[in-house]
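The values are calculated or read from the model by the stated rules, or taken from the named source; none is laboratory data. Given the structure is predicted, the values throughout are model-derived calculations rather than measurements. Note: ideal-geometry Cβ built from the backbone for every residue, glycine included; neighbour counts use all protein chains shown. Areas reflect the complete protein model, heavy atoms only, side chains present, ligands, DNA and RNA absent. Shrake-Rupley method; radii C 1.70, N 1.55, O 1.52, S 1.80 Å.
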Amino acid sequence: MNNTTRINIKRTEYTVQGILLGVLPLTWQELSIQHPWLTDFWLLVVVSATVGLLLTGCSVFLNTPRLGKLLMFYGMTLSTLVIFFECQNNPLLTLLYALPIISIIYHLTTHKIVPATELTGILQLHRLGGLSFSLLLLTVFSPLFAANWSAFPLIILTGVMLLWGNIIRYTQITSAARNHLQKLLLFILMPVTFLLLANHNTLTLPAALLAAVVLIIVFRKLHTSWQLAELLVQHPARCLMLTFLILCAAGTLLLRTPWAMMQDLPVIDAAFTAVSAACVTGLSTIDIAEDLTFTGRAILLILIQLGGLGIMTLTTLALHMLGKLTLNQEQLMHELAPVQQQDIFYNLRLVVNFTFIVESIGAALLSWGFYSVHHNLPQALELGIFTSVSAFCNAGFFPGSSNLVPYAGESLLLIIIALEIVLGGIAPIVSCSFLRIRSIRRLPFFEKLCLQGTFILLAGSTFLMLLFEWRNSLADLSLPDKLVNGFFQAVTLRTAGFNTVELATVQMPTYLFMLIFMFIGGCPGGTAGGIKVTTLAVLFFILRAAIRKETTVCADQRRIAPGTVIQAPAILTAALLVLFAVIIMLATTQLLPMRELCFEAVSALATVGLSLGITTELDTVGRIIIMAAMFIGRIGPLTLFLLFSERHSNRIPGYPPVNIPLG
């Protein structure tokens, strides 16, 4: 690790520390809890001790990591003891409490902290930036919760005190206040701020102004060494997350506009629909045909297109902008789209051209098919264009109340939609390589693996669907329609989200294999979600090597790279951990059958969009959980863990190998 990398890591650590310092005062809200054991006085003592331990530990853990971690663990333990009884009766509180605690514990236990030799002005500016950013967010969004938080004034006051303390610390380090006038101005502004805070009716305004001014000053001072765009480009995981956050936020605002809604649409429903569209999932709490206007459906279609195409175009553009990639960036880029760095512009044109050619042909054929059913040209054009884009992007949205169930007998329509789903799911690069070479044996190894894996999974899922549902959900269809619908439903498990049968009626064996195939998903570089076909293939190669007692993982006369061998189990583990957390949160907060909740969780995380009919029955907490699952599934569960990662050396020389007995 070179000196520049160490400096960047320390700057990131101090930024994260500042964000934590801004968040930890929220612990004061525990004073409003009616604790069964503690009186009000002892509750105040315990919560004060908790806040003190957390803030002290967070302040020192970059200089003395062991002491800082120990104090923070003690503080989190006290906080958990105080809030435990309240969490038993308040699912939303449990969710809001568990997420930051898990994040902090993960960061403290997995991140290797090297104590700073000296606190420089640049590092203190990064801490100030993180702290002011947290305080600004807290004040800006305070109208959503401040009225119900009795301890909110104390939270804001603590945040402002921390901010002023760090401002004074910065002036001491850098001697920023060099003359008496600057010192006088500094010490006049501080009491004025606290006097303004004394008025509870205008509490947030001075705090927000102070945080905004400090944040602007920090950015101006750091603009030569810490450009925001440069920081994002240097870390594709954060760039990817921010891109989708902006897309989801913009979609929510657009769907809330008067010309997009038939009637007033609740914010949570607009946000849920926007996240589902941007993450090309297909789950929805509204009827898009009845609740959205034509403009609203057009906005939804644009979100789907940007969400599906954005993954591939963002990857190729990021590769071009980055130039030389770090190990983490290479892993992330290859997970998103397996393109070679020298072929960036070619692959970018290929992705865009192939997407619009397939969607245009599909839209023309589907419009003709829908016209033959409805005999209404405007309706047929809208259905054809919308369904074509939704199918290729594996989104699963359809402007109809019952999805594609009314079209179960229209075999031609279903075959066209299924082909678009497959082409979108296996990635344009793979499809174009096959069309160019026209021989699977001569294809590069990755393209061959994608095509073979896709064929095996489609054949297997089609066979299982027909086997278990022949006399159940497919019983009322003719023989040709049974075959087509069995194949179509198997294809939609590749994270497409369309359905032509009532999924709530499927048998338990069908339910189980649907969970497995949804979790697997499509291919890297495509619009499908899941852990990806190639990940499953590498896991199979690893298992085969273990059975044969081979130390090297090989396939098709090629040796699988060590990084890939490590990454495949990591992707599976990260996905399973996130899925387990989502299921636990849903089971804790929702009074719905576990069978339906598990299906909903897998469908959201794999960005499938299929549902057993409980999406509209979820309360606000449940919808937030599903939104988070869709978002994590779109950016990738492993990407979630890479957000705070930095570059580390591949090997540490001098450490002896150790053999650990496994099961």
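In table form, for the structure just shown:
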| read-out | value |
| --- | --- |
| Under the Karplus curve 6.51 cos²θ - 1.76 cosθ + 1.60, θ = phi - 60°, whole-Hz ³J(HN,Hα) for region 387-399, x wherever Gly or Pro sits | 5, 5, 5, 5, 6, 5, 7, 6, 8, x, 6, 9, x |
| 5 angstrom amide H check on Ala555, placed H, neighbours 5+ away | Ile560 |
| Label-point gap, in nm, between Arg471 and Glu502 - each point 7 angstrom along Cα→Cβ | 2.0 |
| Heavy-atom SASA rank of Tyr74, Tyr655 (probe 1.4 Å, accessible area, largest first) | Tyr655, Tyr74 |
| For region 517-583, convex hull volume per residue from C-alpha positions, Å³ | 107 |
| Hz values of 3J(HN,Hα) by residue in region 55-61 - Karplus curve (6.51, -1.76, 1.60), Gly and Pro given as x | 5, 5, x, 5, 6, 10, 6 |
| Amide H contacts under 5 Å for Leu292, placed H, 5+ residues apart | Met262 |
| Computed accessible area, Val553, all protein chains, 1.4 angstrom probe, square angstrom | 20 |
| Heavy atoms of Tyr106: accessible area, 1.4 Å probe, square angstrom to 10 | 80 |
| Sum of side-chain charges, Ser402 neighbourhood, beta-carbon under 14 Å (Lys, Arg +1; Asp, Glu -1) | -4 |
| D (Stokes-Einstein, µm²/s), Kirkwood Cα radius, region 510-663, 1.567 mPa s at 4 °C | 74 |
| Ranking by accessible area, most exposed first, for Glu290, Glu30, Glu382 with a 1.4 Å probe | Glu290, Glu382, Glu30 |
| Fraction of accessible area attributable to carbon and sulfur, region 478-549 (%, probe 1.4 Å) | 73 |
